[in-house]
1. If you check every pair at least six apart or on different chains, which have Cβ atoms under 7 Å apart with a residue in segment A:223-241 that is more than 14 Å from A:Q190 (Cβ to Cβ) first and a residue that is within 16 Å of DNA strand B (Cβ to nearest atom) and part of a loop (DSSP other than H, G, I, E, B) second?
2. Anything in segment A:42-84 that is of a type outside the set (V, I, T) and touching a residue at least 40 places away in the same chain (Cβ under 8 Å)? List them, or say none.
3. Within segment A:227-236, can you find the residues that are assigned to a strand (DSSP E or B) and hydroxyl-bearing (S, T, Y)?
4. Given (1) without any contact (Cβ under 8 Å) to a residue 40 or more places away in the chain; (2) acidic (D, E); (3) in contact with a strand residue (DSSP E or B) (Cβ under 8 Å, 6 or more places away or on another chain); (4) within 16 Å of DNA strand B (Cβ to nearest atom), identify the lone condition not met by A:D152.
5. Taking only pairs six or more apart or across chains, which ones have beta-carbon atoms under 8 Å, a first residue in segment A:1-17 that is over 23 Å from A:P106 (Cβ atoms) and within 11 Å of DNA strand B (Cβ to nearest atom), and a second residue that is in a loop (DSSP other than H, G, I, E, B) and modelled with pLDDT of 95 or more?
6. Looking only at strands (runs of 3 or more DSSP E) that fall completely inside segment A:32-111, which ones have 3 or more residues that are more than 12 Å from DNA strand B (Cβ to nearest atom) and within 21 Å of A:L217 (Cβ to Cβ)?
7. Residues being surrounded by fewer than 21 Cβ atoms within 10 Å (Cβ to Cβ) and either touching a Leu at 6+ places or on another chain (Cβ under 6 Å) or in a helix (DSSP H, G or I) (or both): count how many of those fall in segment A:18-31.
Amino acid sequence: MKIATWNVNSLKVRLPHVLDWLAAEQPDVLCLQELKMEDSVFPLAEIQAAGYQAVFHGQKTYNGVAILSRHAAVDVIKDIPGFDDPQKRIIAATIDDVRVICGYFPNGQAVGSDKFAYKLDWLAALTEWVRDELRQHPRLVLTGDFNIAPEDRDAHPAWKDEIHVSAPERAAFVALELLGLTDAFRLFDQDDKAFSWWDYRMNAFERNFGLRIDHLLISDPLVAECRRCWTDTAPRKLERPSDHAPVLIELTK
DNA sequence: ATGGCCACTCTAAGTGGA
């Protein structure tokens with residue numbers, strides 16, 4: 001089973017890239033973030049024509065998440081239960097025997113800002129909810145755009161004490177791991193300076209000034225089955241790319 | 001590196017992203 005995550009930064013603009021990538025990589029599950037569109041205009045027909053089903057939770061201009069899958073997605077949850085939030089950032093579903101939680105974590109803008117406080121509140125609510133989800137679904141993946149680079153090696157050295165790398169954000173990431181989740185990327189040898197996002201400005205991609213902020217955290221039964229985790233930088237090289245690259249895991253079952 | 005980009009929006013500049 002192959003499970004992927006990709007912040008597409010507008011599904012309207014990136015739909016051709018997504019369809020090409022589905023055909024090339026043939027993932028069983030693809031989690032998308034930053035759709036930036038309402039459900040009424042979600043391109044369901046095009047995705048179905050590519051051989052995928054979809055559940056989605058969209059929003060105009062900002063946010064929006066979706067799970068595309070070969071097989072049916074059931075027990076769908078949208079938003080963090082009990083957390084009052086107008087921003088559409090969470091969708092969860094069970095596909096085959098794996099619980100998939102797809103999240104577009106808040107950016108936070110700047111350490112100490114109102115948006116930073118929202119990010120930490122959101123992370124705390126997420127953590128308590130995922131604890132419950134894990135009890136019900138031992139085979140679980142929490143994936144998406146976390147907007148957190150968990151360690152120094154996950155950020156270009158120019159990023160210091162800023163948003164995405166601050167101590168409170170990294171502590172929140174560790175709190176998720178302490179639920180019994182493992183950063184699949186670090187199960188395997190990886191290249192140095194392996195990132196998943198690069199700024200559109202300053203030729204950041206060509207110079208590899210990036211961050212690793214898109215993750216797949218997997219529960220212990222899936223750790224035992226995980227044989228590969230990698231970032232596919234090919235879509236970042238296309239004309240008019242998303243600023244994020246897809247990240248994938250491959251499970252033996 | 002800190003800007004210079006990109007997507008979006010009551011199609012103008014302004015907001016937000018990371």
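The values are calculated or read from the model by the stated rules, or taken from the named source; none is laboratory data. Everything quoted here is computed from the prediction, not taken from an experiment. All Cβ positions, glycine included, derive from the backbone under ideal geometry; neighbour counts span all protein chains shown.
1. Close Cβ pairs satisfying both conditions: A:P235/A:P241; A:P235/A:S242; A:P235/A:A245; A:P235/A:P246; A:R236/A:A245.
2. A:N63, A:G64, A:A66, A:L68, A:S69, A:R70, A:H71, A:P81, A:G82, A:F83, listed by residue number.
3. Once the filter is applied, which keeps residues that are assigned to a strand (DSSP E or B) and hydroxyl-bearing (S, T, Y), segment A:227-236 yields only A:T231.
4. (3)
5. Filtered contacts from segment A:1-17: A:L15/A:P43; A:H17/A:V8; A:H17/A:L238; A:H17/A:P241; A:H17/A:S242.
6. Per the criteria, A:65-69, A:73-78, A:90-95, A:98-104.
7. 6
Residue-by-condition table, conditions (1) surrounded by fewer than 20 Cβ atoms within 10 Å (Cβ to Cβ); (2) within 15 Å of DNA strand B (Cβ to nearest atom); (3) more than 20 Å from A:T143 (Cβ to Cβ); (4) of a type outside the set (F, W, Y):
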position	(1), (2), (3), (4)
A:L176	no, no, no, yes
A:L179	yes, no, no, yes
A:R212	no, yes, no, yes
A:V223	yes, no, no, yes
A:K237	yes, yes, yes, yes
